[in-house]
Every structure is written in structure tokens, then in C-alpha cells.
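Please treat every number below as a calculation from the coordinates, not as lab data. From a predicted model like this one, the values you see are computed outputs, not experimental measurements. Don't worry about glycine lacking a Cβ; one is built from the backbone with ideal geometry, like all the others, and counts go over all protein chains shown.
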Amino acid sequence: MKILVCISSVPDTTSKINFTADKSAFDKNGIQWVINPLDEFALTKAIKLQESQGATVTVINVGDAVTEPVIRKALAIGANDAVRVNLDPKDSYSTAKEIAAVAQNGGYDLILCGKESIDYNGGSVPGMVAQLLNQPFVNASVGLDVNGSEATAVREIEGGKETISVKLPAVIAGQKGLVDEKDLIIPNMRGIMSARTKPLQVVEPTSSDVKVQGVSYDSVPPRAAVKLVSPDNLDELVRLLHEEAKVI
Amino acid sequence: MAVFVYAENINGVYKKAAFEAVSYAKAVADQAGETVTAISVNPTDSSDLLYKYGASNVINIKDEGLKSFSAKAYAQAVSEVANGNIIVFPHTTDASSIAPMLAIMNGHSLITNTLAAPESLSPFQVKRKAFSGKGFMHAKSEAPGVILTVSQNAFGVKENVVSGSEEVKNLSVANEDTKVISHEQSSGKLDLKEAEIVVSAGRGLKGPENWGMVEELANVLGAATACSKPVSDIGWRPHTEHVGQTGKAISPNLYIAIGISGAIQHLAGVNSSKTIVVINSDAEAPFFKSADYGVVGDAFQIIPALTEKIKAIRG
Ligand SMILES: Cc1cc2nc3c(=O)[nH]c(=O)nc-3n(C[C@H](O)[C@H](O)[C@H](O)COP(=O)(O)OP(=O)(O)OC[C@H]3O[C@@H](n4cnc5c(N)ncnc54)[C@H](O)[C@@H]3O)c2cc1C
């Protein structure tokens, strides 16, 4: 079985998000880059299938050379090889198109993604890849088993969950629950050393089609200073919520 | 010409998110001088509910094959009836699974997580959530067709009664690649993303046995419950309640955070809440910097007392 895992390189979760002075772009100065946390669930799931079913795991990233440390980390976690499409992606569509182009000829049985990336929060790439490849798609997946040419995925729905059988090849977008948090793999020294010699293929993009542009960005306006209420005066809190904030 | 909107239902019953999406579509349509056509798959609820928020036309897709959900088959069905150049979806799990597939089918652009009515229609520009609520992006599309997903609780549900008409479309979309084996829905529980009030607790609650009082406070407020990530990681609460950067992003009118430190990853999922109340024994907890109201004190004394006081005013 061949698995393709899509990873995006995103600002570390503790990053303060700043924009350039003219507000036209995200300010990358001083940012630490990490594997998108939701993609880590997908990658770990793939490594588990590698261990249990002898699957080969390829990671793909659409990004410029700056993302290579993050790709090496995915290799250190256990992926067999990697592809980087040499394009600083400008929207979900261009990213999905490049992933689909690589997947088209790769003969992958399963494409695993995180359900969204925590930078632009598009949540669009996995579904777009599925449609571009004309494959079934299960989103928000919190469980997955593979059995021959079929997979059983559990997806989260509002107020519950649903178990679905899916014909492979398919695209599955996962989130926390796809594997347990405690099972996420932290690369060890052996992994880090072997990652240096694993194949990382760089391919050029097929096009530079963009459908959506970020024209400007704003930071979240700060909240007014907190109004502290004494624990002995909760009537005042109730009054404020009722009369001032008008939320109860 | 019409602005289309996907009115999502669960087991035939319209979701609040559907009314919000219709309200949003109505605002777009007014801007464009158009009308709203709502599309729903196998609804049992009355179309009157959609006219109330501004849909002048409702297309009810009847298809036995769509009794269970498949993102691809649903996208196919919507694609067959929606031939407008703006299609609005709520940003729910189902709708945000359908929308990207539909965007590719139709050659439309897709802008997700929109927060407000469009800033301009031509070129199309709209404000959306980015960086997990730590920033906003103004997204522009030059494509002839645009699909939007509206972030829940951002635009709000706005009544706008129109006289409408209903159309039934019988389809039989192929749905062979996926099959729903089982479907579990906890009934009677308020959906976290739709809830207007959320009571949330963190590691400060010490153990799962103490959640009874959190639930009781939520009960008297008609609120949903949530938790911080470590709480669901340890298994005190189901992971479906985990809010934050790697959990659910929510934007209720009122978010009450009890015994939660306010780490940046937690804030990322909740800082678009309209009003935030923080209850924490540590006056230095970072969450107080992002709160509107705060109480420094012991949750174990404050929660029951607050519950009683709210009970009293809610009578
Ligand atoms: C990649 C990554 C992603 C993450 N994503 C998320 C996410 O999505 N959501 C999330 O929540 N976290 C996330 N985290 C974790 C986050 O950094 C914090 O660790 C977490 O939010 C802390 O949870 P907590 O506030 O419940 O616990 P703690 O940090 O232990 O804080 C408990 C708080 O309770 C207070 N307290 C203790 N006793 C009482 C009492 N009797 N009465 C009142 N207050 C009391 C304490 O003063 C303290 O402030 C993520 C971390 C990483 C690295």
C-alpha cells in the first residue's frame, strides 16, 4: 500500500501573528516553522499503517526551500521519502492542484491530510484534491482502519460520529483522534540521522493559477481591560452580564 | 439571477447554521440586487422556516441515495441545481466537506470562514478568519463564481421575511464510493459550535468528578460545555469538547472559562467570542488579559454560587 501524506509548514502554535507594515502580508520574521499540528495526526496514522501493513509513506509539501526542515522532520518521524513542489503557495486551489498533479501519477492508495492548516485555516485543500482526482473524501476523521482495497473511517459530525466504509483510493482529512495525542511520534536521534539520507525530490509546479488572493490582513483588536469582580460579589457579575454585556 | 445557499439539515431538521447562512445569503443578494434560492437535501422541515430569513425560493432535493452523507455525492447534487455565481454554505463539518469539491466541479473559487458580508462584489472581496483567530484576512476573488462558507455565529441569524415558493427536484446521484455503516448522534445535547453561551473548564477543575457543577451552570444558562486540551487528552472529557487551535474554534456570545490558564493555543479557538468571563484562582493567569470580566478566586466556591444566582434571575 502506498500512502501520500500532505503536510504544511505553519508558524509554531505559540507564535504571535504580525503583519507587514502595509498589512499586505503575514510577517514571517522570527517565526519558527512546524508541521501543521493536524497534519501530524495524519502522518502518525500513516506511520502506524507502515508498521502494521508494510505501507510506504511519502510526504508531500507545496512550498519553497524554507519548508525543508519541516519536511526533514516528517522524514525523521518515519516517512520513507518526500516530495516538495517548489512553489510558495498563494491559495488552497494552487496547493491542491500541485498535490493532485503529483498524486495523479503516484498510484497512491490513500491520501491523508490534516483537516485544515492553522495558518490560513482554509480547510479546502483535502476536498479539492479528492475532487481533482475524482476520489471519495472523508473529512474531520477521528478514526481509520484499512483493509485491502477498503478503508473504514470514523468522522466527527455535530454532536456525534459516523462510521463510513470508503473504497480506495480515497482522500481522508484527519484531526485529533485519528491517533491518540500520546502516540504522536517525537523523532529520535536515529530518525533524525536517517532523515538526512532519505530521498527528498523537488519538482517544479505545473502552473501558477491562483483563485483567491489575500489582499490585506488585520490583527485582532485588543479587548478593553478586564473588569474584575470580587468573588464575594457575584451579584455584580450577573448584573454586568445581564445589563452591560446583555448576554444573559 | 439568484444567490444560492445550502440550507443544512440534520435528519430533515434545519440547523441554526442554515438560518445563519440564509441570512448571510440574503445580505449578499440585497447587495447584488438578486434573490436567494436555498437548496436542501431531503428536508422534512417546512420551507417557511427559510422564507423567514430571506429565501424566496427553496429547492428541495429528494434523493433516496442521499439519505446518508457523502461529500462527493452531495456536491454533485448541489452542483446540479445551483447555477448561480455565488453559493453560500455554513462552515459546518458537512458543508465544509461539500464546498471544496463543489468548487472544483464548478470551477468556482472558494473562500472559507467568512466573518461578515462582502466588502465588495466586483471584484469579490470579503473578510475571513485566519491564523486560528489571531488575525483576519481580506480575501479577493476575480473568478466568475464564488463559493463561501460562513463562520458560525459570526454574521448571526437575521429575520427578513419574504414570500417564497418551493420546488421539488428528484435526483438520483450515484453514491457508490462511500457507505455509512453507523451513525451515532447524542440527542438533546446542544451543539458546541452553534451554542450562544459556552461554559468551559480546564485543568483547574482537578478531575472529571468535578464536572457536575460545570454542567449544572451550563444547564441553567442553556449553554454547551467545552474544555481545554489537556482535559480531553487525559480523558476527563470527550475530545469533541476540546476548543482551541487544535480543537474546535468557537465564537459564542458568552464564553465562561473556569480554571483555564489562557495559553495562546487555547485563546486561538475562543478569542472571537463576543464576551469572555474568566474565573481563575491565579490573578496572574494570562487569560485575564483577554477577558471582559474576571473573578479571581476558587472555582469550587464560585461555580455553585454563580449557578444559584443565575437560577434566581432566570426564575
Ligand atoms: C501544538 C499545540 C497545540 C495546542 N492546542 C491547544 C488547544 O487547541 N486548546 C487548548 O486548550 N490547549 C492547547 N494546547 C495546550 C495549551 O498550550 C495549554 O497547555 C492548555 O490550554 C492549558 O490548559 P489548562 O488551562 O486547562 O491547564 P493549566 O495550564 O494547568 O491551567 C489550569 C488553570 O487553572 C487554574 N486553577 C487551578 N485551580 C483552580 C481553582 N480551584 N479555581 C480556579 N482556577 C484554578 C490555574 O491557576 C491555571 O491557570 C496546545 C499546545 C500545543 C503545544
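Observations on the model:
- Residues whose amide H comes within less than 5 Å of that of B:ALA249, counting only those at least five positions distant or on another chain, are B:GLY244 (H built at 1.01 Å from N in the peptide plane).
- Among the listed pairs A:LYS161/B:LYS127; A:LYS73/B:LYS248; A:LYS161/B:LYS72, a Cα-Cα separation exceeding 20 Å is found for A:LYS161/B:LYS127; A:LYS73/B:LYS248.
- Spatial separation of Cα centroids for region A:1-32 and region B:104-142, in angstrom: 19 Å
- The 3J(HN,Hα) values that the Karplus relation (6.51, -1.76, 1.60; θ = phi - 60°) gives for region B:263-273 are, in residue order, 4, 4, 6, 6, 4, 3, x, 10, 6, 8, 5 Hz. Gly and Pro appear as x.
- Shielding by other protein chains, B:68-81, mean Cβ within 10 Å: 3
- Note on B:306-312: average number of Cβ atoms from other chains within 10 Å of each residue's Cβ is 3.
- Sequentially through region A:150-158, phi angles give Karplus couplings (6.51, -1.76, 1.60; θ = phi - 60°) of 9, 10, 10, 10, 10, 10, 7, 10, 4 Hz, Gly and Pro residues having no value and appearing as x.
- Proximity of backbone amide H atoms, modeled 1.01 Å from N, is registered between A:LEU144 and A:VAL154 at under 5 Å, excluding neighbours fewer than 5 places apart on the same chain.
- Taking every DSSP bridge with both residues inside chain B, close to 20 percent are antiparallel.
- Antiparallel beta bridges, as assigned by DSSP with both residues in chain A, represent about 40 percent of the total such bridges.
- As a rough guide to protection, the peptides B:261-272, B:57-68 ranked by mean Cβ packing within 10 Å, highest first, stand as B:261-272, B:57-68.
- The order of the peptides A:205-217, B:133-145, B:172-184 by mean Cβ neighbours within 10 Å, most packed first, is B:133-145, A:205-217, B:172-184.
- For region A:175-199 versus region B:13-36, the gap between their alpha-carbon centres in whole angstrom: 45 Å
- Nearest 10 degrees, 0 to 90: helix B:211-221 Cα axis against chain B principal axis: 60 degrees
- Highest-first arrangement of B:123-129, B:18-24, where packing means the average Cβ count within 10 Å: B:18-24, B:123-129
- Other residues whose C-beta falls under 10 angstrom from the C-beta of A:SER219 contribute a net charge of +2, scoring Lys and Arg +1 and Asp and Glu -1.
- Taking amide H as placed 1.01 Å from N in the peptide plane, A:LEU228 has its amide H under 5 Å from the amide H of B:GLY294, each at least 5 places away in sequence or on another chain.
- Taking every DSSP beta bridge that has both ends in region B:202-315, the antiparallel portion is near 0%.
- Average beta-carbon neighbours from other chains, 10 Å sphere, peptide A:237-247: 6
- Among residues other than A:ASN121 with Cβ under 14 Å from its Cβ, the summed charge is +2 (Lys and Arg +1, Asp and Glu -1).
- For the pair region B:180-196 and region B:221-285, the centres of their Cα atoms are 19 angstrom apart.
- Phi to ³J(HN,Hα) by Karplus 6.51 cos²θ - 1.76 cosθ + 1.60 over region A:239-248, Hz, x for Gly, Pro: 4, 4, 5, 7, 8, 8, 7, 6, 10, 10
- Extension reserve of the B:ILE313-B:ASP45 stretch, reckoned as 0.36 nm per residue once the Cα distance is removed: 93.1 nm
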